Amino acid sequence: MKKLSFYTLVFSLMSGGLFAQVKIVQEKELQLKKSDSGDYYEVSITPSPFTLQFDGRELMVSAGLTEALFESTKPEIDINVDFGSYFYIGKFLAMEEDASYLPTGAHEAASLNKNHGAISEAGGRSSYEVHFLDIAGDKKPLSDFKEFYMSVWLDQNKDQFIDTKELIHLKVNIQ
């Protein structure tokens, strides 16, 4: 696998004393900042593809076109019980093995793993390259958008419960 020579943005999640990282990688250095409301983080990217790099073999992501996404991807829920959550176990899409998109539909989430586009890397890490957002089955390039939203959940303790420190809400500004 080709080694990336990009700058990275790291947002760290802590749970149960374990330290894990999720990175957004792109050709320029990215800055993560708290939103004015303090309810989520923001990052600015170019309209080029970006890569999510993460510890472990699976990362759950729900994407949307409005901030309303965050209401349906809250922490402190059991994904086997809370049907209202986009992370409910039955709402993960069956994505292709070579997928390179994030679904944006209501009640949809992506389980990014080797069966759904993620690539295993050395040291127990994985990566997933995002080229498109899927809007009702139509894959549109990032350049078609000015912004989108992501809820990113790394289930560090593998209990299928979204602990507060395992989840980040993120607004992605495309410049």
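Pairs of Cα atoms in segment 120-175 fall into 5 Å distance bins, from 0 up to the last occupied one, in shares of 4, 14, 16, 20, 18, 17, 10, 1 percent. Remark: accessible surface ordering of His107, His116 (largest first) is His107, His116, probe radius 1.4 Å. Distance between the pseudo-spin-label points of Arg57 and Lys139 (7 Å out from Cα toward the beta carbon): 2.4 nm. The convex hull built on the alpha-carbon positions of the chain has an orientation-averaged projected area of 9.5 nm². The residues of the chain expose, per residue, 50 Å² of accessible area to a 1.4 Å probe. Share of carbon and sulfur in the accessible area of the chain stands at 50%, probe radius 1.4 Å. The local environment of Phe87, defined by Cβ-Cβ distances under 11 Å, has a net charge of -3 under the rule Lys, Arg +1 and Asp, Glu -1. Remark: the Lys165-Thr66 segment gains 33.4 nm on full extension, using 0.36 nm per residue and subtracting the alpha carbon distance. Annotation for Asn173 and Ser100: the two label points, set 7 Å from Cα along the Cα-Cβ direction, are 2.7 nm apart. Computed from backbone phi, the HN-Hα couplings of segment 103-109 come to x, 10, x, 4, 6, 10, 8 Hz, rounded to whole numbers (Karplus: 6.51 cos²θ - 1.76 cosθ + 1.60, θ = phi - 60°; Gly and Pro given as x).
The values are calculated or read from the model by the stated rules, or taken from the named source; none is laboratory data. The structure presented is a predicted model; accordingly, all values stated were derived computationally and were not measured. Glycine also receives a Cβ, built like all others from the backbone with ideal geometry; neighbour counts cover every protein chain displayed. Accessible surface areas use protein heavy atoms only, side chains included; no ligands, DNA or RNA. Shrake-Rupley method; radii C 1.70, N 1.55, O 1.52, S 1.80 Å.
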